[in-house]
Structure formats: structure tokens, C-alpha cells
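What follows is a short report on a single structure.
The values are calculated or read from the model by the stated rules, or taken from the named source; none is laboratory data. Quick caveat: nothing in here was measured; it's all calculated off a predicted structure. Methodologically, a virtual Cβ is constructed for each residue, glycine included, from the backbone with ideal geometry; neighbour enumeration extends over all protein chains shown.
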Amino acid sequence: MTENRRTRGRIGITEVTGPSMAPTLADGDRLVVRYEALVRPGDVVVFRHPLQQDLLVVKRAAERRPGGWWMLGDNPFNETGDSTDYGAVPEELVLAVARLRLRPRPGGQRSLRAWLSWAASAVRPMRADSSASSRLRAR
């Protein structure tokens, strides 16, 4: 990516839609992301779809290949919308790396126990999953 002093290292929040990253991420989860961060294999990243660049996508960067990053979803039952469909994603389309997952509070939680249970699991750090490359070989 080109050097831009305003966005380099900037933190942002994005929302996850769809089931492709389940069980790691659920529809409605929010991600705290760091723009233009160094991508490592296994990181969850936000990137522009290679064929529809107005669409932002959240996937796992499985491995670096010639031409860019091979992106995969974590959901083995939802195998569409990743690099198996559109190939490697060029480096310049990778925008950010996820650092934290924020799970929204479900409606109707009125008891203290339910609230504490949600609070204990609502914020989770996003770490690189080194098993992503082994899942790639299994496909």
C-alpha cells in the first residue's frame, strides 16, 4: 500500500455480516482493526473484494502466494466467497488486520448472571491461527 500518514496505524471498527467466519466470528460481531498493519499467515483481515472493490470482506489470510494472499473463511460449511472463487488477493487490496472481537449484547438479557456471562465473553483478542495453512492443504 502507498504510505499515507493519516491512515497508517489507524484503528477502526467494522461489523461482520454473514456466516463465513463461524465459529470464530458471528454475524453482527464487531472487529477492532488496525489499518495497514503487517499481515501474518493466520490473521483475520479486512480487504476489498478483488472482483467487486466496493465490497469489503473479512476472511483469514491463510498463506502468501504469488500475486497476494490466499484468503479462507473459517466456516467449513460455507465455502463460497473466498480465494477458491477469486484467487489470491493482491497486497494493495488488504486494508486492515483484526485485533479484537466485540460481541454485541443479545437483547432480553435482564439477569445479572446473563449480563456477566456476556461481559466475560464479549471482548476477545484476535490472534493469528497457524492452523489455517493446514486447513488450506485439506481443501
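Observations on the model:
- You will find that of 111, 117, 131, the residue that is surrounded by fewer than 16 Cβ atoms within 10 Å (Cβ to Cβ), within 16 Å of the chain's Cα centre (by Cα) and either of a type in the set (S, T, N, Q) or at pLDDT below 85 (or both) is 131 and no other.
- Those residues of segment 1-19 which are surrounded by 13 or more Cβ atoms within 10 Å (Cβ to Cβ) and either touching a helix residue (DSSP H, G or I) at 6+ places or on another chain (Cβ under 7 Å) or modelled with pLDDT under 90 (or both), in sequence order: 7, 8
- Unique match (being of a type in the set (Asp, Glu) and in a strand (DSSP E or B)) among 92, 63: 63
- Test for residue 22: is it surrounded by 15 or more Cβ atoms within 10 Å (Cβ to Cβ) and touching a strand residue (DSSP E or B) at 6+ places or on another chain (Cβ under 9 Å): no
- For segment 67-108, filtered to residues that are aromatic (Phe, Trp, Tyr) and closer than 24 Å to residue 32 by Cα, the residue that is surrounded by the most Cβ atoms within 10 Å (Cβ to Cβ) is 69.
- Taking segment 72-91 as the range and being among the charged types (D, E, K, R) and closer than 15 Å to residue 51 by Cβ as the test, the residues that pass are 82, 85.
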